[in-house]
Amino acid sequence: MSRLFVTGTDTGVGKTTVSAALAGALRRSGRTVAALKPVASGVDAGAGEDAELLAAGAGHEPRCAVALRAPLSPHRAAAMEGVRLDLGVLLDWIGAWQAEAVLVEGAGGWEVPYAPDWRVADLAAALGWPVLVVARNRLGVLNHTLLTVAAVRARGAPLLGVVLNGADDGSAVGNLEDLRALLPDLTVEPFPWDGTPADADTLARRLGLVG
């Protein structure tokens, strides 16, 4: 069975796009898939856009444990609604979804707080699953990616690799080449922002998620 935790170097880097694409690739490989968004903020109604996109890739209904209205860090959005996000409760919620492949997308980046006393990193560490880091192909990505990779490793979490998301817009010349040189022991793969199913299948294969 495959298990994967997807985090990002920041918010807005395309974690959901990549996660949904990989969920679709796993589904096309013949596996049953559960693609989960434990906590989402900035949700006006329902489970939210991220959970809906993940669900479309995985082929099931949107799955989000806690949807918060304010488009803020989860700990702040939760406090505004009088909600306390509990790590144990979310772990139980994740564990209840059984499938051959389970993918969990964190909120924002690796150190984003879910509550004043625990963060995305704590959820990933408690799960103990391989971590995939998604980074946006733009100026500054080298610093953001190296910091995130170092933080993931500091928690002892297994790293699956890095996805460099989006085409070079002219400010990102050489980012893929540089990241591969700076992280020689990691798989670093590009992905187009609006990738096709074929692009997703290739990415999943290069990450070793499908044969």
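Here, each number is a calculation from the coordinates, and none is a lab measurement. Bear in mind the structure is a predicted one, so any value in this text is a computation, not a measurement. Ideal geometry is used to build each Cβ from the backbone, glycine not excepted, and the neighbour counts take in all protein chains shown.
Among residues of segment 112-126 being touching a strand residue (DSSP E or B) at 6+ places or on another chain (Cβ under 6 Å) and in a helix (DSSP H, G or I), the one that is farthest from Leu160 (Cα to Cα) is Val120. Every residue in segment 167-202 that is surrounded by 18 or more Cβ atoms within 10 Å (Cβ to Cβ) and either among the small types (Gly, Ala, Ser) or touching an Asp or Glu at 6+ places or on another chain (Cβ under 6 Å) (or both), please. Matches in segment 167-202: Ala172, Gly195, Ala200.
Here's the yes/no breakdown for (1) over 15 Å from the mean Cα position of the chain (by Cα); (2) touching a residue at least 24 places away in the same chain (Cβ under 8 Å); (3) in a helix (DSSP H, G or I):
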| site | (1), (2), (3) |
| --- | --- |
| Leu72 | yes, yes, no |
| Arg84 | yes, yes, no |
| Gly88 | yes, no, yes |
| Ile94 | no, yes, yes |
| Leu103 | no, yes, no |
| Gly108 | no, yes, no |
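Condition first: closer than 18 Å to His60 by Cβ and in a loop (DSSP other than H, G, I, E, B). Now tell me which residues in segment 6-48 satisfy that. Within segment 6-48, Ser29, Gly30, Arg31, Thr32, Gly46, Ala47, Gly48 meet the criteria.
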